[in-house]
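Reading through the structure tokens given below for one structure.
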Amino acid sequence: MTQHVTQHVEPDREVAMLRSELEMLMGERRALLHAVGAAAVFVAVMDSHSLPPDSYESADKLAIAINGLPEETLRDALELVRADGDAPDGDAPGGKAA
């Protein structure tokens, strides 16, 4: 009987560890989506003519990274930013960054 209990405990422990890992990954995903959403809003509303010349390359890299995201990921990111109240509905872009 001890062997049967041991075999049952290991899968339960493994499930608990996987659940914990999944929860951690989902928290990280939410934080990354929030950063991406905020960056997309920033790129959409910024005036590129007012940027200092030494920031052009970084701004371009940011816009390229945002534009390279799958549409669904960007949509999730923007929805999260809006839901958290970090972007007024009219300020958040509906598509890819400019």
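Computed values, structure above
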{"item": "Matching residues in segment 45-66 - criterion: being in contact with a helix residue (DSSP H, G or I) (Cβ under 7 Å, 6 or more places away or on another chain), farther than 19 Å from Ala77 by Cβ and modelled with pLDDT of 90 or more", "result": "Leu51"}
{"item": "Residue satisfying condition, being basic (Lys, Arg) and at pLDDT 95 or above, within set Arg13, Arg75", "result": "Arg75"}
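The values are calculated or read from the model by the stated rules, or taken from the named source; none is laboratory data. What you see is a predicted model; the values in this text were computed from it and never measured. With ideal geometry, Cβ positions are generated from the backbone for all residues, glycine too; neighbour counts draw on all protein chains shown.
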